[in-house]
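Following: one structure in structure tokens, then a few remarks.
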Amino acid sequence: MIKKIQVSQIKNGMYIHDFNCGWLNHPFLTNSMLVDSDEIIKKVVDYGIRELYIDTNKGYDVADAPTEVEVKQQIEAEITKVVEQEKRHVYAPVPIHEEIAKAKEIRQEAKKTVQNIMDDIKFGKQIETEKVGRVVDDMIESIFRNQDALISLGRIKEKDEYTYMHSVSVCVLMLSFGKHLGFDLQILREIGAGAMLHDIGKMIVPQAVLNKEEGLTEEELKLMKKHVEYSRTLLEQTQGMTENAIVIASQHHERVDGTGYPLGLKGDDISYYSKAVAIVDVYDAMTSKRCYQDQYLPTEVLRKLYEWSSHHYDRDLVQQFIRCVGIYPVGTLVRMESGRIGVIIKHGEKNLLQPVVRVVYNMKSGDFLRIPYDVDLSSTSGKNGEDRIAGYESPKRFNIRPEVYL
Ligand SMILES: [Fe+2]
Ligand SMILES: [Fe+2]
């Protein structure tokens, strides 16, 4: 059985199933292992891991620890409460099908800009702040017309484009999060630039480390972590870069319990904007395909973020972020209890758990629909009523490109 334990409960003879520490950049070469020395325990504690999962079939058990299933159910119930309280209607003056083409252009432009900047860094050239500013302004405008257009494009990511597209997506998500939190235009511009350039220092990290497929050694991990200081220095040397942008890049790997890096800052020593970008950064990294990782579903990542917000992330901001992106982000593919498969095209206005789904495939008949139709899950009557989302579906499995249906 998989159980969750506190780090104080760990002892020799236990089998670690999952370090529960966020992403694969941890100092252990595998994700699971038998604890057979005090050395391992020390490493776990030193790395700032507070809670982890053990496999009681492969090692010692702990009587009073909750099972993974219990933890999952508890978190899901809490998240449901968080989104149920959200009855806010997001005003979007332009419908998504009208905004999507423009959003694609902006995203392409943003990608080109980031790519050029990153290439320039390798040759020791200066960052052109005005170019970043222009793209960020375009993104802000698109987000105010209809934020779901740009966000829904975030999930289409090719492996080799990861570093560029991650920067673009973190920027998009950060801007919509900022809008959700009510930041003014100037702040949005500043945090947008900071988000877009937060990982720029990675261009100075050796490529072999950056793109390594297997786990990193301790030495390599140290080199990887250096990207934060490089980002800060690069932005400090850039004319016209604001303090907020520099702080975001400098603090995006700090964690509220002091287990982050490079400074190990705690609580309010980390800026509010940096606490927000830390959430967005991990959300995007985990929902993307990377060289060494398959992507996780948005709901799984939100659940993990919520779990980690008891130590590493700001709980209130995580709750706000869940309300901002919704449990079912626009552009994701879902399966309904009736067996219909569809793309989320709109958040639920009455309840975030009841979005509008565009049905494109029927599992019972095994057919694609020639003319897709929409189901509003908040309506309880008619032939489309009474249905509920059963879970996510992989677009690959059905060979569906969700963005086509938006
Ligand atoms: Fe980073
Ligand atoms: Fe990042």
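Throughout, read-outs are computed from the coordinates displayed, never taken from laboratory work. As the structure is a prediction and not an experimental result, all values here were calculated from the model. Neighbour counts run over all protein chains shown; Cβ positions are idealised from the backbone, glycine included.
Side notes on the structure shown:
- According to the calculation over all Cα-Cα pairs in segment 258-406, the P(r) per 5 Å bin from zero is 2, 9, 17, 18, 16, 13, 10, 7, 5, 3, 1, 0 %.
- Inter-centroid distance (Cα atoms) of segment 327-366 relative to segment 35-102, Å: 23
- Percentage relative contact order, segment 295-406, counting C-alpha pairs under 8 Å, at least six apart: 22
- Rule-of-thumb Rg ratio for segment 2-66 [Cα; 2.2 N^0.38 Å; N residues]: 0.98
- Rounded to the nearest 500, the 222 nm mean residue ellipticity of the chain from helices alone is -14000 deg cm²/dmol, with -39,500 (n - 2.57) taken per DSSP H run of at least 4 residues.
- Contact order for the chain, expressed relative to its length and based on alpha carbon pairs under 8 Å spaced 6+ residues apart, stands at 14 percent.
- 5 angstrom amide H check on Asp18, placed H, neighbours 5+ away: Tyr53
- Of the GluC sites (Glu not before Pro) found in segment 306-406, the ones in coil according to DSSP and having at most 12 other Cβ atoms within 10 Å of their Cβ are Glu337, Glu386.
- Shown for segment 82-142: lysine pairs separated by 8 or more places, or found on different chains, whose C-alpha atoms are under 15 Å apart, numbering 4.
- Taken one residue at a time, the phi angles of segment 111-122 give Karplus couplings (6.51, -1.76, 1.60, θ = phi - 60°) of 4, 4, 4, 4, 4, 4, 4, 5, 5, 4, 4, 4 Hz. Gly and Pro are set to x.
- Residues with amide H under 5 Å from that of Lys346, placed H, sequence gap 5 or more: Val356
- Exceedance of the 31 Å cut-off in Cα-Cα distance is limited, within the set Lys81/Lys222; Lys179/Lys364; Lys226/Lys275; Lys275/Lys350; Lys3/Lys81; Lys225/Lys396, to Lys81/Lys222; Lys179/Lys364; Lys225/Lys396.
- Across all Cα pairs in segment 197-343, the calculated P(r) in 5 Å bins from zero up to the longest distance comes to 2, 9, 15, 18, 19, 16, 11, 5, 3, 2, 0, 0 percent per bin.
- Size of segment 96-325 as Cα extents on the principal axes (Å, biggest first): 49, 42, 34
- Cleavage-rule hits, chymotrypsin sites (Phe, Trp or Tyr not before Pro), segment 1-109, DSSP coil, Cβ neighbours within 10 Å at most 12: Tyr91
- Relative contact order for segment 2-66: 54 percent, from Cα pairs under 8 Å spaced at least 6 residues apart, divided by residue count.
- Projected label distance in nm at Val69 and Glu219, using a 7 Å step from Cα toward the beta-carbon: 4.6
- For the chain, the fraction of alpha-carbon pairs lying more than 32 Å apart is 37 percent, rounded to a whole number.
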